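Heads up, the thing below is written out as structure tokens.
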Amino acid sequence: MTQIRLSGPRVLEATLTGDTVRAATGAMIAYDGDVKFKNAGMGGGDGLKAAIKRRATGESMSMMECTGKGTVWFAKDAMEVLLIQLQGDMIRAESDHLLLLDAGLKTDVSFAGLRGMSSGQGLFTSTVTGQGTVALLSLGGPPIALEVSPQFPLVVDPDAFIASRGQLNQSFVTDVSWRNLIGESSGEAFSLRFEGSGVVYIQPEERV
Amino acid sequence: MSSFEKVNSKVVTAQVAPGQEILARRGAMLAYEGRVGFAPVHVGQGAGGYGGSLGGMLGRAMAGENVAMMVAQGEGKVYYGHGGMHLTVIELDGSGVLSVEADRLVAHSANLQSSVVFLGSQGGIRGAVRGAVSGQGLFTTQLAGVGSVAVLSHGGTIALPVRPERPTSVDPQAYVAHYGQIQVDISASVGWRDAVGKGSGEAIQLKVTGSGTVYVQASEQKV
């Protein structure tokens with residue numbers, strides 16, 4: 001069983017005992033012991049169907065397989081690391097923000113609604129399912145978990161969104177008026193709205 | 001006793017007193033209290049223990065390791081920081097030599113001996129290749145003696161202990177510094193996958209052996 005823990009806010013430490021984890025390509029900063037790194041293949045190593053879907057939808061993901069016995073340290077661009085334990089449930093996450101996937105986790109692509117047109121993330125999002133730990137990245141500082149309940153829907157900026165978990169309906173909100181046409185917009189014309197019950201993780205910096 | 005005290009993760013203060021000067025990268029001073037004067041130092045002039053020799057100066061000039069330094073003298077307190085990057089304070093107890101890139105060196109106690117080392121002299125052509133591949137240049141700054149050093153990193157550092165029975169590998173872009181009796185060598189496992197652009201992104205690594213500490217930053221960006 002792989003032990004996954006944080007070593008400071010921005011470094012992830014994984015102790016491998018002969019099993020395989022998947023990590024973002026190039027995110028290894030150091031390792032000891034006997035560990036091999038190999039490209040997980042087209043579509044991040046979830047088989048041909050997922051690879052074709054990723055190719056078709058543009059929700060690309062570049063992962064490598066880390067196998068062996070030893071300790072590996074991962075980090076990416078000084079972003080803070082967020083650990084989420086999955087017990088058979090599912091999260092939706094931005095594929096660019098996946099740092100590490102435990103051995104028992106699978107990823108796929110799902111239709112995310114008509115939101116990508118402005119946010120530049122495509123119309124599709126990655127889903128992670130299974131048992132184990134997933135590590136996500138937060139740009140610009142520590143991530144924030146916001147709770148969504150049926151009485152209190154949540155609206156977030158698409159560029160600050162990292163992941164969502166739970167029974168959530170996601171919709172795309174536009175607030176385009178004649179002001180946008182004359183350049184007098186508030187800069188918040190497109191937003192993501194979540195309804196239902198669950199948790200949404202956002203980061204302090206907006207993707208550009 | 002440390003010369004540096006951390007204000008937060010990106011700013012350190014240093015107490016300056018007669019006989020307790022601080023050498024720092026030029027422009028790294030943020031503020032000071034008391035009667036402190038700053039003077040440029042040409043590292044390598046060999047005066048007053050400010051390190052180096054003529055060889056060191058020549059080395060720097062050749063290598064482009066010419067980060068200009070200044071000395072803080074007098075009595076007071078100086079705040080140092082650079083570029084909004086994280087600072088790591090490393091204490092040297094005199095038992096070994098700290099190797100660090102000149103670009104990453106923000107400040108150190110003036111009583112430390114500094115010298116510039118040609119990597120090629122450590123491991124022959126492989127050492128030179130390591131410098132070229134890791135983007136470190138072919139020269140590195142070495143500090144010896146008892147004192148404190150403040151080193152820049154992107155995203156902070158983790159200190160990994162290295163023991164003879166447990167060699168460690170480090171990504172060349174994430175490598176910051178090493179201290180102790182340590183050998184750093186390049187190891188490449190370039191396969192056909194890398195040639196067709198399907199590699200794991202970890203083809204070239206620094207193999208760290210011996211006993212001591214290696215400092216690794218949480219990012220693959222250079223200073």
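When residues of the range B:93-116 are filtered for being of a type in the set (D, E, K, R) and on the phi > 0 side of the Ramachandran plot, how many remain? Can you show your working first?
Applying the first criterion (of a type in the set (D, E, K, R)) to the range B:93-116 yields B:93, B:101, B:103-104.
If we keep only those that are on the phi > 0 side of the Ramachandran plot too, we end up with none.
Residues that pass the stated criteria total 0.
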- Is it the case that some residue within the range B:48-63 is at pLDDT below 85, of a type in the set (F, W, Y) and out of contact with any Asp or Glu (no Cβ under 7 Å at 6 or more places or on another chain)? yes
- Item | Complete set of residues in the range B:208-222 that are more than 7 Å from chain A (Cβ to nearest Cβ) and in contact with a strand residue (DSSP E or B) (Cβ under 6 Å, 6 or more places away or on another chain) | B:V208, B:T209, B:G210, B:S211, B:G212, B:T213, B:V214, B:Y215, B:Q217
- Query: If you go through the range A:53-94, how many residues are touching a residue at least 40 places away in the same chain (Cβ under 8 Å), more than 9 Å from chain B (Cβ to nearest Cβ) and not in a strand (DSSP E or B)?
  - Reply: 7
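Matching residues to (1) over 19 Å from B:A24 (Cβ atoms); (2) modelled with pLDDT of 65 or more; (3) surrounded by 23 or more Cβ atoms within 10 Å (Cβ to Cβ):
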| site | (1), (2), (3) |
| --- | --- |
| B:V116 | no, yes, yes |
| B:G124 | yes, no, no |
| B:G137 | yes, no, no |
| B:A144 | no, yes, no |
| B:V149 | no, yes, yes |
| B:A159 | yes, yes, no |
| B:P164 | yes, yes, no |
| B:D171 | yes, yes, yes |
- Query: Does A:M1 satisfy being outside any strand (DSSP E or B) and more than 22 Å from A:A160 (Cα to Cα)?
  - Reply: yes
- Task: Six or more apart or on different chains, Cβ under 7 Å: which pairs go from a residue in the range B:155-166 that's more than 7 Å from chain A (Cβ to nearest Cβ) to one that's among the hydrophobic types (A, V, I, L, M, F, W, C) and surrounded by 14 or more Cβ atoms within 10 Å (Cβ to Cβ)? Could you list them?
- Result: B:T157/B:V176; B:T157/B:V216; B:V162/B:I182; B:V162/B:V208; B:V162/B:V214
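For the subset of the range A:196-208 comprising residues that are surrounded by fewer than 17 Cβ atoms within 10 Å (Cβ to Cβ) and within 15 Å of A:D157 (Cα to Cα), which member is modelled with the highest pLDDT?
From the range A:196-208, those surrounded by fewer than 17 Cβ atoms within 10 Å (Cβ to Cβ) are A:196-197, A:204-206, A:208; that's our starting set.
With the extra rule that they be within 15 Å of A:D157 (Cα to Cα), the set shrinks to A:204-206, A:208.
On the way: A:P204: 95, A:E205: 91, A:E206: 88, A:V208: 77.
Among them, the one singled out is A:P204.
Yes/no per residue for (1) among the β-branched types (V, I, T); (2) at pLDDT 75 or above; (3) part of a loop (DSSP other than H, G, I, E, B); (4) surrounded by 13 or more Cβ atoms within 10 Å (Cβ to Cβ):
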| position | (1), (2), (3), (4) |
| --- | --- |
| A:G122 | no, no, yes, yes |
| A:G132 | no, yes, no, yes |
| A:A135 | no, yes, no, yes |
| A:I162 | yes, yes, no, yes |
| A:L168 | no, yes, no, yes |
| A:V176 | yes, no, yes, no |
| A:S185 | no, no, yes, yes |
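Looking at B:V11, is it among the aliphatic types (A, V, I, L, M) and at pLDDT 95 or above?
Yes: the conditions hold for B:V11.
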- the range A:3-33, residues that are modelled with pLDDT under 90 and more than 10 Å from chain B (Cβ to nearest Cβ): A:D19
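Which of the residues spanning the range B:1-41 are outside any loop (DSSP other than H, G, I, E, B) and of a type in the set (S, T, N, Q)?
Restricting attention to the range B:1-41, the residues satisfying the condition of being outside any loop (DSSP other than H, G, I, E, B) are B:4-6, B:12-17, B:20, B:22-25, B:29-41.
Selection gives B:T13, B:Q15, B:Q20.
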- Message: So B:K222 passes all but one of these: (1) modelled with pLDDT under 65; (2) on the phi < 0 side of the Ramachandran plot; (3) in contact with a Gly (Cβ under 7 Å, 6 or more places away or on another chain). Which condition number does it fail?
- Response: (1)
- Item | Every residue from the range A:34-52 that is in contact (Cβ under 8 Å) with a residue 24 or more places away in the chain and more than 13 Å from chain B (Cβ to nearest Cβ) | A:D46, A:A50
- Identify, please: which residue in the range A:95-120 is hydroxyl-bearing (S, T, Y) and assigned to a strand (DSSP E or B) and is, among those, modelled with the lowest pLDDT? A:S110
- Query: What residue, of B:A39, B:A17, is modelled with pLDDT under 95, surrounded by fewer than 20 Cβ atoms within 10 Å (Cβ to Cβ) and more than 16 Å from B:G147 (Cβ to Cβ)?
  - Reply: B:A39
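The values are calculated or read from the model by the stated rules, or taken from the named source; none is laboratory data. Every value quoted in this text rests on a predicted model; they were computed, and no experiment measured them. Cβ: placed from backbone, ideal geometry, glycine included. Neighbour counts: every protein chain shown.
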